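A.B. asks: To start, I am sharing the structure in question, which I have written as structure tokens.
The values are calculated or read from the model by the stated rules, or taken from the named source; none is laboratory data. Note that the coordinates shown come from a computational prediction; the quantities given were computed from them, not determined experimentally. Quick reminder, even Gly has a Cβ in these numbers, built from the backbone with ideal geometry, and neighbours come from all protein chains shown.
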Number of protein chains: 2
Amino acid sequence: MDRAINLVETDSPSTRRGCDPTLQQRIPTEMAEAFANLFKALSHPVRVQMLDLISQGEGETCGCDIERHFALTQPTISHHLKVLREAGLITSESHGVWVHHRVNRQALELLQSLLATMHK
Amino acid sequence: MDRAINLVETDSPSTRRGCDPTLQQRIPTEMAEAFANLFKALSHPVRVQMLDLISQGEGETCGCDIERHFALTQPTISHHLKVLREAGLITSESHGVWVHHRVNRQALELLQSLLATMHK
DNA sequence: CATTTATATATACAGGTATCTATATAAAGT
DNA sequence: ACTTTATATAGATACCTGTATATATAAATG
């Protein structure tokens, strides 16, 4: 009548530890890291606004278009664009001196579906 | 025929600067900050997984239930829960020694709708 | 029933790391 | 030459996570 050993790492339903043993880690670590990286790219107000600006263009939005809307230096804008690009939220292609940016819809849809699963 | 002054802060369509002058800052700064704060709370893989675990419970998920799923110390778990709580992604209420957490659906829906506007 | 023991949670602090933004500079197209 | 964009660097600030500690409740035991 004493549960003896196994004080930790138990998953049996007879354990007094854990109010709800049915909770499962549905999101594996690597997937959680991928999601977190996308969210991190959106964790700055300037980048939220930048992505919204880019989403308004038809893939023709260039850096100077974005720059006009912020009280930030050009290297700082360039940095934020790089963060969005490396996260996979936008793609960028050079056209002469200009670089045109467009949103990656797949990434946004992925985030949307995650959020959907988390509020039933 | 020369545009003279007004080298910066121009919004007039006659400005040679800016390939696409129709782009508008649809998201005001305070709103962008609010969104960024929510995204920042989700910018860590552990918090993504934690929110998913909490979303599985019926508002009865306690800290110890969460703790079991991570190789982190209790204060670290407590810290991450605090981040989620202060961002408004979860609410927490004490029941005796336990604290029960539940997701804030409004916050998740808000993020979802933002993402929706950004991929048309 | 009182007293100890264990459990759940929170706070304070600190070291290491990452992020933000500016200045300075470079490269390349028009 | 002028414009667009990128990189390097650096200082200030913020974030992550552990150790140490505190509090309050529950459980156990005499």
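A.B. asks: Out of B:L84, B:L23, report the one residue that is part of a helix (DSSP H, G or I) and of a type outside the set (V, I, T).
C.D. replies: Answer to the check: B:L84.
A.B. asks: Follow-up. Please name all residue pairs, on different chains or six or more residues apart, with Cβ atoms under 9 Å, provided the first residue is in the range A:87-102 and is within 10 Å of chain B (Cβ to nearest Cβ) and under 16 Å from A:I77 (Cα atoms) and the second residue is part of a loop (DSSP other than H, G, I, E, B) and within 8 Å of DNA strand D (Cβ to nearest atom).
C.D. replies: Here the result reads A:W98/B:C19; A:H100/B:C19, each pair linking the range A:87-102 to a residue that is part of a loop (DSSP other than H, G, I, E, B) and within 8 Å of DNA strand D (Cβ to nearest atom).
A.B. asks: Just checking, how many residues over the range B:55-67 are surrounded by 18 or more Cβ atoms within 10 Å (Cβ to Cβ) and assigned to a loop (DSSP other than H, G, I, E, B)?
C.D. replies: Within the range B:55-67, residues that are surrounded by 18 or more Cβ atoms within 10 Å (Cβ to Cβ) and assigned to a loop (DSSP other than H, G, I, E, B) number 1.
A.B. asks: Hey, could you check the range A:43-65 for residues that are more than 8 Å from chain B (Cβ to nearest Cβ) and modelled with pLDDT of 95 or more and say which is farthest from DNA strand C (Cβ to nearest atom)?
C.D. replies: So, considering only residues that are more than 8 Å from chain B (Cβ to nearest Cβ) and modelled with pLDDT of 95 or more, the one farthest from DNA strand C (Cβ to nearest atom) is A:I54.
A.B. asks: Determine which single condition B:K40 fails, assuming it passes every other condition in (1) more than 10 Å from DNA strand C (Cβ to nearest atom); (2) in a helix (DSSP H, G or I); (3) facing another protein chain (nearest Cβ under 10 Å).
C.D. replies: (1)
A.B. asks: Go through the range B:68-81 and give me each residue that's in a loop (DSSP other than H, G, I, E, B) and near DNA strand D (Cβ under 10 Å from one of its atoms).
C.D. replies: Quick first cut of the range B:68-81, residues in a loop (DSSP other than H, G, I, E, B) only: B:68-73.
The answer is B:F70, B:A71, B:L72, B:T73.
A.B. asks: Restricting attention to the range A:68-77, and to residues there that are touching a Gly at 6+ places or on another chain (Cβ under 9 Å) and surrounded by 13 or more Cβ atoms within 10 Å (Cβ to Cβ), which single residue is farthest from A:S43 (Cα to Cα)?
C.D. replies: So, considering only residues that are touching a Gly at 6+ places or on another chain (Cβ under 9 Å) and surrounded by 13 or more Cβ atoms within 10 Å (Cβ to Cβ), the one farthest from A:S43 (Cα to Cα) is A:R68.
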